[in-house]
Each structure stands twice: as C-alpha cells, then as structure tokens.
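One structure is given here, and the rest of the page talks about it.
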Amino acid sequence: MTKLTGKVVKGFARGRLLGFPTANMELLDKDQTLPKQGVYVSLVRILDKKYESRNYFASCNLGKALTFGATIDTIEPHLLDFNEDIYGKIIEVELIKYLRPMKKFVGQEELKKALSIDVFDVRRFFN
C-alpha cells in the first residue's frame with residue numbers, strides 16, 4: 001500500500017461538472033516515488049480537527065486525464081458521499097487496490113459510465 005500526502009488545490013473542475021468532484025492533490029514530497037498510473041480503491045484522511053479520525057472511501061485517479069488531452073500527471077481522489085470545501089487542507093491518500101489503467105474515453109458519457117463503475121467497485125471492496 002502506498003500513502004500520498006498533499007494539499008488540496010484547485011483543478012479544472014472537470015470531475016465536478018461530470019458529477020464526480022475530486023480533491024486535486026499537490027504532493028508535499030515532490031520526490032516521492034509514485035506507483036503505476038491508473039485508478040485505485042483508496043482511503044482518504046483529511047488532516048484537520050474538523051475531520052479528525054474519519055476515513056473516507058474514495059476512487060483515486062493517478063496519471064493524465066487522457067480524455068481531456070492532459071499532459072501533466074495529477075492525483076485526484078473522488079471521496080464518496082462527501083461534498084465539502086476542503087481546498088487548502090492537507091489530505092493523506094492510501095492507495096489500497098489497483099482497479100484499472102488510465103484510459104482515453106470517446107466522450108464524457110463513456111467517462112461518466114467508467115467513473116460510476118469505479119465508484120461501484122470501491123463500495124463493493126469496502127462492503
């Protein structure tokens with residue numbers, strides 16, 4: 001299992017527009033070695049008193065948003081059943097299980113379907 005720690009920063013809000021908001025993460029340790037790119041079953045902890053000792057189930061995209069032609073790697077956990085503003089907060093993402101590789105989808109509907117399956121897989125893993 002790999003743990004990544006970083007600050008939640010503003011992204012392009014593509015996930016939010018698709019109905020899958022993500023906590024775009026800027027690593028605190030820029031030299032940290034990352035695992036292979038893809039989508040992971042994850043646990044997220046928000047390192048803030050308000051969220052103390054709470055773990056959130058998440059799917060986490062690690063890599064380039066190929067559908068949107070991105071050229072920069074990002075770390076974007078989607079916290080399930082969570083919709084609060086955590087910009088600027090420090091989070092810890094524990095990558096637990098590799099689900100699938102990053103993929104370029106034909107359009108947003110195909111991407112939304114894949115994201116729904118990712119969320120289903122995360123819920124199934126934790127149940």
Report task. Could you work out how far helix 108-126 tilts from the main Cα principal axis of the chain, as a 0 to 90 degree angle to the nearest 10? Result -> 40
Query - Proximal charge balance of I117 [Cβ under 15 Å; K/R count +1, D/E count -1] - result: +3
Query raised in the report: Which of the residue pairs K36/K113; K64/K113; K36/K64; K50/K89 have a Cα-Cα distance greater than 20 Å in the structure shown?
Result: K36/K113
Query raised in the report: Nearest 20 debye, what's the magnitude of the dipole of region 24-127 about its Cα centre given +1 on Lys and Arg Cβ and -1 on Asp and Glu Cβ?
Result: 360
**Report entry** Highest-MSF residue in the chain out of I91, I72, I46 [GNM, Cα springs under 10 Å]
**Finding:** I72
Query raised in the report: When only Cα pairs under 8 Å and 6 or more residues apart are kept, what is the percent relative contact order across the chain?
Result: 33
Query raised in the report: Hey, got a sec? Which GluC sites (Glu not before Pro) in region 18-127 land in a DSSP loop and have at most 16 other Cβ atoms within 10 Å?
Result: E52, E84
**Report entry** Proximal aspartates and glutamates relative to K97, as straight alpha-carbon distance under 15 Å, when same-chain residues fewer than 8 apart are discounted
**Finding:** D118, D121
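We did not get these values from a lab; they are worked out from the coordinates using the rules stated. From a predicted model like this one, the values you see are computed outputs, not experimental measurements. FYI the Cβ positions are ideal-geometry reconstructions off the backbone, even for glycines, and counts take in every protein chain you see.
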